[in-house]
Amino acid sequence: MKKEPFHISVNDEFNLDVHPEDAQNLDVIPDGSNVFHLLEDGKAYRVELLDADYTRRTYTLRVNGTKYTVAISDYYERLVKKLGLQASGSHKINVVKAPMPGLVISVLVEPGQVVQKGDPLLILEAMKMENVIKAAGEGIVKFVAAQKGLPVEKGFTLLEFE
């Protein structure tokens, strides 16, 4: 079965499709916290992750000094949007799930801790990159299922809020 590509939009101007196997074959080397070296077609790029909104799947990157806003969607997200089934309005998120498979590098919160929107919850390493999972809203941590050093699959419940 052929895997559907990810659709990537850069600054709402440039669009491309990337197949999962191509993304896995990227030559990416971490160089500190949220900084990476990318080698593509013989060219080297310095990529810095400035911000990540996992609920909206948007990321702010600085590539060789230039800032970009990148939005990524998979086939199912595009299908849901096309069918008009996306949720409208706001709702409280009680569960934080892994946005991708990876290894839990660090858990930054504990049960009973109060967090605000944007607060870092944990660090997940995926495809040689450290991803800071941030709170989508304010709340109190009820339960932490993620454990430092253990792998998680996409959709795994990392933690719950009260």
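Of all residues assigned to segment 128-137, at least one qualifies as being in contact (Cβ under 8 Å) with a residue 60 or more places away in the chain, assigned to a loop (DSSP other than H, G, I, E, B) and at positive phi. Screening segment 1-46 for strands (runs of 3 or more DSSP E) wholly inside it with 1 or more residues that are more than 18 Å from the chain's Cα centre (by Cα) and surrounded by 10 or more Cβ atoms within 10 Å (Cβ to Cβ) returns the ranges 14-18, 27-30, 35-40.
For THR55, the stated conditions hold: it is part of a loop (DSSP other than H, G, I, E, B), out of contact with any helix residue (DSSP H, G or I) (no Cβ under 8 Å at 6 or more places or on another chain), within 21 Å of ASP119 (Cα to Cα) and touching a residue at least 24 places away in the same chain (Cβ under 8 Å). For the structure I just gave you, tell me whether PRO99 is outside the structural domain of SER33 (by TED's automatic domain parsing) and closer than 27 Å to PHE14 by Cα. So PRO99 fits the description; yes.
Mind checking whether some residue in segment 100-110 is modelled with pLDDT under 90 and not β-branched (Val, Ile, Thr)? The answer is yes; a qualifying residue exists.
Kindly establish whether ALA146 is outside any strand (DSSP E or B), surrounded by 15 or more Cβ atoms within 10 Å (Cβ to Cβ) and not aromatic (Phe, Trp, Tyr). Yes.
Does ALA52 fit the bill of being farther than 24 Å from ILE123 by Cβ and out of contact with any Ser or Thr (no Cβ under 7 Å at 6 or more places or on another chain)? Taking the combined requirement at face value, the residue does not satisfy it. Filter segment 32-52 down to residues that are without any contact (Cβ under 8 Å) to a residue 12 or more places away in the chain and of a type in the set (Asp, Glu) and give me whichever is nearest to LEU158 (Cα to Cα). Only one residue fits best here, namely ASP51.
Taking segment 31-58 on its own, how many of its residues are at negative phi, modelled with pLDDT of 85 or more and touching an Asp or Glu at 6+ places or on another chain (Cβ under 9 Å)? Total satisfying the criteria: 8.
The values are calculated or read from the model by the stated rules, or taken from the named source; none is laboratory data. These figures come from a predicted structure and were not determined experimentally. For neighbour counting, all protein chains shown are included, and Cβ atoms are generated from backbone atoms with ideal geometry for every residue, glycine included.
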